[in-house]
Amino acid sequence: MSSFSIRRFAILLIVLSLGLSSASQAADIPFPDWLAGVKAEAVAGGIDASTVDQALADIQPIDRVLELDRKQPEFTMTWADYLAHTASLQRVTDGRQLLAQHRKTLKKIGHDHGVPAQQLVAMWGIESNYGRNMGSFSVIQSLATLAYDGRRSQYFRGELMKALTMAQRGVPPQNMRGSWAGAMGQCQFMPSTYLSYAQAASGQGSADIWSKPEDVWASTANYLSGLGWKAGEPWGMAIRLPKRGLAPALFGLDHARPLKDWSRLGVKRADGKALSGPPEMKLALLHVDASKDGSGGEGPIYLVGDNFRALLHWNRSFFFALSAGTLADRIASR
């Protein structure tokens, strides 16, 4: 066995002997000992020791991160309030101005990935208010805090390793600023999402999702495309039912049917106009506050397609996905 292999094997033994991969034990050992295990695991995974030492130098758990994690507010906002916040008049106005200002670049990026320019702007607006609210926490320190805490250690430890991989690939650790939970930049990517989908618009070097809007747009477009966005299809639309209503069994994400079928059943757009879109495009019917599978619920009713599902994969909330599509529509309209 080579000296390198012996060293790698010894490092793995250290990690296993300390039991550091166990979420239940993470917070039961002193932080310096836990951190030593993280460093050993990162080096064993192929990250340079110098990179690890630099990225993890002098870090300590952040009490504020744990406070925010423990005290996440219960979601009680109504759909009307949520939409008024995420797709406010000011956000729509700002989005229209930015779309007009950067139309050429946005349209090119959108065309390259099959995602409308207005949807890229909408995601930018929802995630960081067009770069104004990115968060100021050190992502590496926040992730280390949450990984050490033990409550969701396995997930955040994995994200911490991804952040260290980012550092290995040239993203300065001091530049990784974001939310207390580790979401970064103007598009609020977790490290795993960054590594899988972030793109520099120029095609050169690492994507700078903190200070280069064009990289934010390219990364957003690439992510939505990877989540299944279909070029040329609407995400969905607000609708009104025929006066007789429709059977509850027709509601739910698992009951999609062609647009032409919904038209035959008397479904119209919320403004009373006929449904528009490819006749064979499959759409599912759901209330805005539907259950997990899209059935049941109350409130406004929507027909949603595959692009809605892509938005839902971005953030697994019906409110988020519906508002992201609605904001894009409002930005595009005049």
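Please treat every number below as a calculation from the coordinates, not as lab data. Predicted model only: the values in this text are computed from it and were never measured. Heads up, the Cβs are rebuilt from the backbone with ideal geometry, glycines too, and the neighbour counts pull from every protein chain shown.
Descriptive notes on the structure:
- Listed cross-link partners Lys108/Lys230; Lys243/Lys292; Lys230/Lys282 are compared with a 23 Å cut-off, the Cα-Cα value being larger for Lys243/Lys292.
- Candidate cross-link partners of Lys268 among the aspartates and glutamates, defined by an alpha-carbon separation under 19 Å and a same-chain spacing of 8 or more, comprise Glu233, Glu280, Glu298, Asp329.
- Arg64, Arg309, Arg316 arranged by Cβ crowding within 10 Å, fewest neighbours leading: Arg316, Arg64, Arg309
- From the coordinates of this entry, Cα extents along the principal axes in Å is computed, and it appears in (1) 74, 43, 40; (2) 66, 55, 30; (3) 63, 61, 36 under the label (1).
- Residues Thr78, Thr145, Thr105 in ascending order of nearby Cβ atoms (within 10 Å, fewest first): Thr78, Thr105, Thr145.
- The aspartates and glutamates whose alpha-carbon is closer than 17 Å to the alpha-carbon of Lys162, local same-chain residues fewer than 8 away aside, are Glu41, Asp48, Asp53, Asp208.
- Put in line by how crowded their Cβ is, counting other Cβ atoms within 10 Å and starting with the fewest, Ile331, Ile59 read Ile59, Ile331.
- Aspartates and glutamates with Cα under 15 Å of Lys71, excluding same-chain neighbours fewer than 8 positions away: Asp63, Asp149
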